[in-house]
Amino acid sequence: MLARNRFLLLVVVGGAALAIISLSFQFLNLIPIASILEERPFQVADGAAALGKSRKRVFPVPHTEEPNPISEAYSYCNTPNRTEQAWEGHSPADYTLLSVQVMIRHGDRYPLYYIPKTKRPAIDCTLSTSRKPSHPLLNAFIRHMGQGASGHWEAPLGSVPRLPNHSACETGELTQTGVVQHLRNGQLLREAYKRHRLLPADWSPRQVWAETTGKSRTLQSGLAFLYGFLPDFDWARVTARHQWSTLFCGGACDCPARNRHLEEEQRRQYRLRVSDTELEKTYADMARTLGLLTRQLRAANPIDSLLCHLCHGIAFPCATGGGGSGGSGCLTMAQFAVIRRQQLDDEADRRRAGLYRKYAVLAMHPYLNRTAAKMERVARDNEAGRQSRRAGGEEVFSLSSAHDVTVAPLLSALGLEGARFPRFAARVVFELWKSPPAPQLPRPPAPQKKKAGKAEKSKAKDGELFVRVLYNGEDVTFHTSFCRAHDRHAGRPLCPLSNFLSFVRRDMFAVVNATSYQEACSRRPG
């Protein structure tokens, strides 16, 4: 009911749902095909700080002023310095929570790109409770990771460090801020689901699923989240599974059409960027300040490093003056704001063009299909009453630790075009709920021939199944493509699971004029 009231308030504030301003996915420059296997540099999003709210909104309140790119950048940092409300675990009275599946983006990391002729940001990537931000669980987490050799690790995860451990951060390394962000995330969900008894105290290895890409920042983020959710968990009951692709597509990654849609999106991005004269002038000014060629600066992707400086309160980089190139001076917040403004323009143009949505649907169908299959298995297990009799039961909690290039297409594939670009430590949560059994009303004896009434009794007895989708703690279920038209006043205040299953198995392919994943992937252009 609380989630419903918040949704109604959001719609009313603007006068109409169509007035909602969507500040969604922003990309820095062209996304290479290789991004399917590796995270590409991020860009800022989530402008709730500009609204002065204590809890970020993933669908911003409509307003007439242009978004402030600097405020949005600070929101993107997601510095863990305030209390955050989580709406996970909220449901109508007497509903039963059957399963939870979570996808996270890794936490704060050191830049992937270096700006030539500048000093790299000085950040310590070891962990210490004497350094901010910290967390009450940090020391215990560090000790627990030291016992991880007794866990089960799919190759190559066993050779990946379980903690960030360099006093001078290495490229892409998770920072202490990133660890704390996910300790908080896990703890938030632990509190949200505690009263639902999602996992028994003696949970089995089968009931908890954890998967990650092979990068240290995703493995470490996943471990921090898991420790916040299950403090002092038994290593012997945990298996860390490896996903070789950032799309988490498992054995269904072969999709030629997906790559073609991505190439079309790249061309759109390029055309928009080169037509932006203010952006080109800003790059030229920045390059002159540092004594670089403009193409060198652009290739160095300066926003990646600038965001790190901003998030950690470090002054923007200055020219070192070496090499006799003549560069002198420092990069400025005004220059940063121009790059960010262009990203917002790109995001708006992306929604109009619709090319990225086609890519996203094909990119994320394998993950969504696995999500749907897990829900169905848990539902069957619950309906048959086997969970107490069979060792372990089904996977009731799943954690996927991923990248921005995983979470962003997931949001788009779900139809959440207005959702903000995934900040550090962003989370998407899928909840499976079961309604209480329908009351058994006395009925006159049925004629002998109507034995089919047995099925009706079974349906009434078992209750109905529903799904909720949450993004960074906000219930966005009724913004998704599969439940946008659902009437929540028709006695079913949650979204029927059948809507989600139909969407994943068929309806989501309408955007690429197909009826199945195989058909959409094999279709040739024209």
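Quick notes on this one:
- Pairing each residue of region 112-132 that is in a loop (DSSP other than H, G, I, E, B) with any residue that is among the aromatic types (F, W, Y), provided the two are 6+ apart or on different chains, yields C-beta distances under 8 Å for R120/Y114; P121/Y110; I123/Y110; C125/Y110.
- Condition broken by R217, with the remaining ones in (1) among the basic types (K, R); (2) open to solvent by less than 40 Å² (accessible area, probe 1.4 Å); (3) closer than 18 Å to T371 by Cβ satisfied: (3)
- Residue in region 330-342 that is among the small types (G, A, S) and either in contact with a Ser or Thr (Cβ under 7 Å, 6 or more places away or on another chain) or crowded, with 21+ Cβ neighbours inside 10 Å (or both) present: no
- Residue count for region 169-186, restricted to those that are out of contact with any strand residue (DSSP E or B) (no Cβ under 7 Å at 6 or more places or on another chain) and surrounded by fewer than 20 Cβ atoms within 10 Å (Cβ to Cβ): 2
- Filter pass, A236 being closer than 29 Å to R109 by Cβ and in contact with a Ser or Thr (Cβ under 8 Å, 6 or more places away or on another chain): no
- Residue list for region 66-88, restricted to those being out of contact with any Phe, Trp or Tyr (no Cβ under 8 Å at 6 or more places or on another chain) and aliphatic (A, V, I, L, M): A86
- Residue within region 500-519 that is open to solvent by less than 40 Å² (accessible area, probe 1.4 Å), more than 20 Å from P409 (Cα to Cα) and either in contact with a helix residue (DSSP H, G or I) (Cβ under 8 Å, 6 or more places away or on another chain) or not small (G, A, S) (or both) present: no
- Every listed requirement among (1) surrounded by 15 or more Cβ atoms within 10 Å (Cβ to Cβ); (2) under 19 Å from M333 (Cα atoms) is met by K281 save one, (1).
- Positions within region 282-320 being small (G, A, S), assigned to a loop (DSSP other than H, G, I, E, B) and touching a residue at least 60 places away in the same chain (Cβ under 8 Å), in sequence order: G291, A300, A319
- Check on S502, closer than 26 Å to E88 by Cβ, part of a loop (DSSP other than H, G, I, E, B), at pLDDT 90 or above and small (G, A, S): no
- Some residue of region 477-485 being surrounded by fewer than 19 Cβ atoms within 10 Å (Cβ to Cβ), farther than 30 Å from N259 by Cα and modelled with pLDDT under 85: no
- Taken over region 389-425, the criterion of being at pLDDT 95 or above, surrounded by 23 or more Cβ atoms within 10 Å (Cβ to Cβ) and among the aromatic types (F, W, Y) is satisfied by F424 alone.
- Filtering region 351-362 to residues that are among the charged types (D, E, K, R) and at pLDDT 90 or above leaves R352, R357, K358.
- Taking the criterion of being surrounded by fewer than 18 Cβ atoms within 10 Å (Cβ to Cβ) and touching a Pro at 6+ places or on another chain (Cβ under 9 Å), the residues of region 246-263 that qualify are G250, G251, A252, C253, R260.
- All of (1) in contact (Cβ under 8 Å) with a residue 40 or more places away in the chain; (2) surrounded by fewer than 20 Cβ atoms within 10 Å (Cβ to Cβ); (3) farther than 28 Å from G89 by Cβ hold for L157 with one exception: (2).
- Restricting L223, L262, L247 to those that are modelled with pLDDT of 95 or more and closer than 25 Å to A86 by Cβ reduces the list to L223.
- Condition met for R370 (at pLDDT 95 or above, open to solvent by 20 Å² or more (accessible area, probe 1.4 Å), closer than 21 Å to G89 by Cα and assigned to a helix (DSSP H, G or I)): no
- Flag: R295 does not match the condition of being surrounded by fewer than 20 Cβ atoms within 10 Å (Cβ to Cβ), closer than 25 Å to P409 by Cβ and in contact with a helix residue (DSSP H, G or I) (Cβ under 9 Å, 6 or more places away or on another chain).
The values are calculated or read from the model by the stated rules, or taken from the named source; none is laboratory data. Computed from a prediction, not measured in an experiment: that's the story for all the values here. Note that each Cβ is placed from the backbone with ideal geometry, even for glycine, and that neighbours are counted across all protein chains shown. For accessibility, only protein heavy atoms count, side chains too; no ligands or nucleic acids. Shrake-Rupley method; radii C 1.70, N 1.55, O 1.52, S 1.80 Å.
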